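Contents: one structure, followed by commentary.
The values are calculated or read from the model by the stated rules, or taken from the named source; none is laboratory data. What you are looking at is a predicted structure, and each value in this text was computed from that prediction instead of being measured. All Cβ positions, glycine included, derive from the backbone under ideal geometry; neighbour counts span all protein chains shown. In case anyone asks, the SASA skips ligands and DNA or RNA and just uses the protein heavy atoms, side chains included. Shrake-Rupley method; radii C 1.70, N 1.55, O 1.52, S 1.80 Å.
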2 protein chains.
Amino acid sequence: MITGKNYIGSQLIASGSKTYKTINPQLNIENPWTFTEATPQEIDQAVTLANNAFKIYRNCSDHQKAAFLNTIAEEILTLGDELLDVYCTESGFPKGRAEGERGRTIFQLRSFANMLTEGSWLEATIDTAIPNRSPLPKDDLRKMLVPLGPVVVFGSSNFPFAFSTAGGDTVSALAAGCTVIVKSHSMHIGTGEMVASAVIKAAQKHKMPEGIFSNLIGSGVTLGTSLVKHPLVKAVGFTGSINGGRALFDLASQRPEPIPVFAEMGSINPVVILPGALEKNSQKWATAYAGSITLGTGQFCTNPGLLLGIKGENLNQFIRQLAEEIEKIQPSCMLHPSIKADFNNGREKIRAQNGVTTVAEFKGEIAPNYASQTILTVDGETFLENPTLRHEVFGPFSIIVQCDNNEELETIINKLDGQLTGTIIGEPMELNNYKMIVDALQNRVGRLIFNGVPTGVEVCASMIHGGPYPASSDSRFTAVGIHAVKRWVRPFSYQNWPDELLPEALQDNNPLNIYRTINDIITNKTI
Amino acid sequence: MITGKNYIGSQLIASGSKTYKTINPQLNIENPWTFTEATPQEIDQAVTLANNAFKIYRNCSDHQKAAFLNTIAEEILTLGDELLDVYCTESGFPKGRAEGERGRTIFQLRSFANMLTEGSWLEATIDTAIPNRSPLPKDDLRKMLVPLGPVVVFGSSNFPFAFSTAGGDTVSALAAGCTVIVKSHSMHIGTGEMVASAVIKAAQKHKMPEGIFSNLIGSGVTLGTSLVKHPLVKAVGFTGSINGGRALFDLASQRPEPIPVFAEMGSINPVVILPGALEKNSQKWATAYAGSITLGTGQFCTNPGLLLGIKGENLNQFIRQLAEEIEKIQPSCMLHPSIKADFNNGREKIRAQNGVTTVAEFKGEIAPNYASQTILTVDGETFLENPTLRHEVFGPFSIIVQCDNNEELETIINKLDGQLTGTIIGEPMELNNYKMIVDALQNRVGRLIFNGVPTGVEVCASMIHGGPYPASSDSRFTAVGIHAVKRWVRPFSYQNWPDELLPEALQDNNPLNIYRTINDIITNKTI
């Protein structure tokens, strides 16, 4: 059941007068629910509760937090098909995607719960005392990670489950011991409310402090701005556009007390196709590339928007094969009429540039919010000279740059903005001949893929989803995988502290049985 | 030999016309050397060289980097007594301090070299492929830390060796694989040039790329501003005042491509003295506290500028004992006439506030740049109401706040800005009775000390030197200890990359024999 209200802690509240409705992009009509936007008082109340809750939650054990996260997963599953239906209604995605993304969200919750249960994530580091050291004795010092405080999470448009209400940012912050205030993404507020109800139920089952989680509604920028500027907020997670992410980063940097913002903002995810691959596996990679740019109607941060190759007959053949593949894929629905409009505008802006020609485009009839996947092409020199050609077009779109030679290819890579991913498609033996290109690409991206496509972001400890600006606002952190928790923690030292009053992670007898660094040696032993 | 020139890479260059002289604060005269400030062209040249050098240096092995750092240590020692003499001449510190700080600097260089030799700092994390996973195969993913790019280091005033030219920021950045441009602190440019010559010699011995290190001279803000705004600079390290650090943070945040700034800015390092300690060990702690605030003429980031206790006869006795100790310590020289002037002005501003009285002050004759150590006192209510009383006075100064009760004490702690350290002095059995106070203090600081003084920052893996703003600009990092390297690196993933082309840290057979996390298990085994 969707009430249309804000969760201020566990309370459903809607004292405001401004209302809002979501869209069904498949039917191109408004959905039935009416959502009431949070008032300034409600926003302040949510943050104040989160700050009070933090004083308690930050001292919860990792086992308590793990149980809480696992229960959130169960409560989401308990919402059953009704949740999937609301998700599809608000996103335009098919049910298979809804199920897949719910699975990913559950997996994320359980991954962080496992991380907490295992316990070594705390980076416990101990240097024992040397009382008789000369000229000065050495005190005992013990360090571990502690949470920052209340975290604001901005839900994403393109992952209504996995990067929204109880998605990667929320779950990593809760795992860290931070309390969370979500700004529900305005395109899927009904989905958000249902998922929020699961978080609240889990919090109540585990007797978590009131205010550990709130879910707020707002269609404009006021809600987000108020949250980022609130003095009790200590960090921000965001997934979305460069303009949106940068605006929040600027607000947070200009506060009297600046706070960290991790914004995952966007990328054109360059793919370099080497001559060997063009010669031996052209059709295979044309099929894979067409599939990658149209997956989820191209609405992925890791969508490959740029393909770089060396001019020639083999590249021409690849382009023909790619065009055939592109034209036979059935278009699909975008998330929202505004996203469809942005897609069309972005694509036409690039198509209108000098030297750009169309390679392929789906040409049949399409429904109102559906996108015609499109491939354009341009030569290397033109691409280098015109920064407009390097702008992201969010949706099933890619531009192929035909370079004169390796030097031009390397120059282009060095001129690219920071990217989430870079991909090299080639024969293994070729890589050594392109060391300069691999090196240049490595310096511009967070993840380097060989013979694959950038879409499909595995949730695991070795994943980096982030990269040099503007792929993300701070390349030193990832948004996906358990190490995403590091965004919300700080290291903290106890000096000469009595053993029995230390957190368990730092006690001599290692009651958590975790790996620690003791006097520079990694071990799970006691002291 | 001091030439007065900039090191632009390995070249001593001084094409500018603006010159500068350092001061001998003990004698209150100018030193003989004339330093030529870097021109805009020289600044750009240093950064461009650093960027070119980065392309080579970032691929150096950890063993090569370790050897380089160890040779820097040796070359500093080779400079012998001449270096110590210049240090004393420019800082006003005695020779014992010069030797001690040189030892600390050497120790830091060797600690980072040891970290590199051991190798597990790279946080190598591997998730192996599952080709037959359903519905989709899982690719092989391998992650490690990689360097950010050229780093600008601002030397500190108060550590001419340990936090300047080849100090903690420089050595951690070089260990990370970043190239470094130092803005030499204008109070000890001669010391800086000599240490820079040692770095350059070591770089040449190890055939490091030209431009791996530059050392620039500038007395105003132009040099620093130009460096932080330069598009090829990727991170900044700073130790100094809140105003200076914040200005650099703002500049860096406002760049088209924002870059991380780690600024360690300042702190009043609150010390809470509990009733048990006042009753049992009053004299001992009075002696220790007096020693801590006068060490190095109070010119430490961790100088205890605030002591909090509960009103009563025991606190009165402690104050009398502290006054006696303070009055019998001989004053010492400050780093510079401007620092002495700031000390006097800051102290008098606080002394002039309503409700503030003087507890103790050295009253004898003192030389021009010497500081009279001073203790003031005020009651809790007055301290709470007047934010001026919470300002740092850099030098041998402390204010004692006499609280009415525990509630007032807790309220004061919650109102404090972020701090590098917090200290509790008490009987071990008492701590449990002051859980709220310990908890509140823990949330405001980076390091919590029991029964000690905050000065004396051990260089080890468990040290945190950093803390909530404005102690530092990002509490998620430390400036001291080997983990200071984390400021200058980002995690990076290889997906499906051929084993023989991976960095050694990520190869199946673990040629570096390091600890890695493989499929969520910490191990030093091969795959």
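Results for (1) out of contact with any Leu (no Cβ under 8 Å at 6 or more places or on another chain); (2) outside the structural domain of B:L122 (by TED's automatic domain parsing); (3) not in a loop (DSSP other than H, G, I, E, B), shown as yes or no for each residue.
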site	(1), (2), (3)
B:V182	no, no, yes
B:S186	yes, no, no
B:A203	yes, no, yes
B:S214	no, no, yes
B:S226	yes, no, yes
B:V233	no, no, no
B:F238	no, no, yes
B:R246	yes, no, yes
B:E257	yes, no, no
Worksheet entry | Among the candidates A:L441, A:L506, A:L431, A:L512, residue that is at the interface with chain B (Cβ under 10 Å from one of its Cβ atoms) and over 23 Å from B:A484 (Cβ atoms) | A:L431
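For (1) assigned to a loop (DSSP other than H, G, I, E, B); (2) open to solvent by 20 Å² or more (accessible area, probe 1.4 Å); (3) of a type in the set (S, T, Y), each residue gets a yes or a no:
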| residue | (1), (2), (3) |
| --- | --- |
| A:T117 | no, yes, yes |
| A:A162 | yes, no, no |
| A:G192 | no, no, no |
| A:I200 | no, no, no |
Worksheet item: Does any residue of the range A:86-93 turn out to be buried (at least 24 other Cβ atoms within 10 Å of the Cβ), within 14 Å of another protein chain (Cβ to nearest Cβ) and in a helix (DSSP H, G or I)?
Response: no
Item to complete: Could you pull out the residue among B:T517, B:T423 that is more than 8 Å from chain A (Cβ to nearest Cβ), more than 18 Å from the chain's Cα centre (by Cα) and assigned to a strand (DSSP E or B)?
Response: B:T423
Worksheet item: How about the range B:427-482: which of its residues are among the small types (G, A, S) and surrounded by fewer than 23 Cβ atoms within 10 Å (Cβ to Cβ)?
Response: B:A440, B:G452, B:G456, B:A461
Worksheet item: Only one residue in A:S10, A:S111 is modelled with pLDDT of 95 or more and within 14 Å of chain B (Cβ to nearest Cβ). Which one?
Response: A:S111
Worksheet item: Do we have any residue at all in the range B:482-492 that's in contact with a strand residue (DSSP E or B) (Cβ under 9 Å, 6 or more places away or on another chain), assigned to a loop (DSSP other than H, G, I, E, B) and at the interface with another protein chain (Cβ under 7 Å from one of its Cβ atoms)?
Response: no
Worksheet entry | Counted residues, the range A:241-287 - those being open to solvent by 50 Å² or more (accessible area, probe 1.4 Å), charged (D, E, K, R) and touching a residue at least 60 places away in the same chain (Cβ under 8 Å) | 1
Practice prompt. Quick one: B:K207 ticks every box in (1) in contact (Cβ under 8 Å) with a residue 12 or more places away in the chain; (2) not in a helix (DSSP H, G or I) except a single one, so which number is it?
Written response: (1)
Item to complete: Would you point out the residue of the range A:368-385, among those that are at pLDDT 95 or above and open to solvent by 30 Å² or more (accessible area, probe 1.4 Å), that is nearest to A:P337 (Cα to Cα)?
Response: A:Y370
Worksheet item: What are the residues in the range A:5-36 that are closer than 30 Å to A:A367 by Cβ and part of a loop (DSSP other than H, G, I, E, B), if any?
Response: A:K21, A:T22, A:P25, A:Q26, A:L27, A:N28, A:N31, A:P32, A:W33, A:T34
Worksheet item: Can you find a residue in the range B:297-318 that is in a helix (DSSP H, G or I), on the phi < 0 side of the Ramachandran plot and under 31 Å from the mean Cα position of the chain (by Cα)?
Response: no
Worksheet item: Out of all the residues in the range A:102-109, is one or more in a helix (DSSP H, G or I) and under 30 Å from A:W497 (Cα atoms)?
Response: no
Worksheet, complete the sentence: Residue hits (the range A:119-135; touching a helix residue (DSSP H, G or I) at 6+ places or on another chain (Cβ under 8 Å) and assigned to a helix (DSSP H, G or I)) are A:W121, A:L122
